[in-house]
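Student: Below: one structure in structure tokens.
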Amino acid sequence: MAGAAVLASGSASLLLLTGHSPLWLLLAVSVFFGIQNGLNIVTNQTAMYAQVPADSTGTAAGILRTFMYLGAIASASLISLSFGHAATDAGLHRLAVMLTAAAVVLFAAILADRKLAAAA
């Protein structure tokens, strides 16, 4: 839950950035994404190990990695749709809204998953 909450906060904080934002603000926003990345990678793996039978761990780990790659492909597509041929403030803010919405949905899904609550 913490990783998803930080992801939502980081995504929403992109709305603060413009082409004239100071470097310290860009660095501060970047910190959110570093924290969520560290939290989410570890917790996704931990949740997988907690929910998958030991004899299926290899398969589950492969599927987890596959979906991580699919997420990277989807994010590249989302960046392309948001920015087109040039990076603009409007494109960044459009991306921020989509990322924030996805993070909120992720947070809600985590709250609704009773298996994750039992594993914690």
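Student: If you check Leu15 against the conditions, is it in contact with a His (Cβ under 8 Å, 6 or more places away or on another chain) and at pLDDT 95 or above?
Tutor: yes
Student: Right, Leu17: surrounded by 15 or more Cβ atoms within 10 Å (Cβ to Cβ), in contact with a Leu (Cβ under 8 Å, 6 or more places away or on another chain), of a type outside the set (Phe, Trp, Tyr) and more than 26 Å from Ala109 (Cβ to Cβ) or not?
Tutor: On the way: surrounded by 15 or more Cβ atoms within 10 Å (Cβ to Cβ): yes; in contact with a Leu (Cβ under 8 Å, 6 or more places away or on another chain): yes; of a type outside the set (Phe, Trp, Tyr): yes; more than 26 Å from Ala109 (Cβ to Cβ): yes.
Yes, satisfied.
Student: OK, next. Hey, can you tell me all the residues within region 12-27 that are in contact (Cβ under 8 Å) with a residue 12 or more places away in the chain and of a type in the set (Gly, Ala, Ser)?
Tutor: Listed by number, the residues that qualify are Ala12, Ser13, Gly19.
Residue-wise test of (1) of a type outside the set (Phe, Trp, Tyr); (2) surrounded by 15 or more Cβ atoms within 10 Å (Cβ to Cβ); (3) under 24 Å from Ala2 (Cα atoms); (4) at pLDDT 95 or above.
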site	(1), (2), (3), (4)
Leu23	yes, no, no, yes
Leu39	yes, yes, yes, no
Ala47	yes, yes, yes, no
Gln51	yes, no, yes, no
Ala72	yes, no, yes, no
Leu81	yes, no, no, no
Gly84	yes, no, no, no
Ala96	yes, yes, yes, yes
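Student: If the Cβ limit is 6 Å and pairs must be 6+ apart or interchain, which residue in region 93-120 that is farther than 18 Å from Asn44 by Cβ pairs with which residue that is modelled with pLDDT of 85 or more and among the polar types (S, T, N, Q)?
Tutor: Arg94/Ser82; Leu95/Ser82; Ala96/Ser11; Thr100/Ser11
Student: Could we say that Thr57 is surrounded by 12 or more Cβ atoms within 10 Å (Cβ to Cβ), more than 19 Å from Ile110 (Cβ to Cβ) and β-branched (Val, Ile, Thr) here?
Tutor: Values: surrounded by 12 or more Cβ atoms within 10 Å (Cβ to Cβ): yes; more than 19 Å from Ile110 (Cβ to Cβ): yes; β-branched (Val, Ile, Thr): yes.
So Thr57 passes the test.
The values are calculated or read from the model by the stated rules, or taken from the named source; none is laboratory data. Quick caveat: nothing in here was measured; it's all calculated off a predicted structure. Quick reminder, even Gly has a Cβ in these numbers, built from the backbone with ideal geometry, and neighbours come from all protein chains shown.
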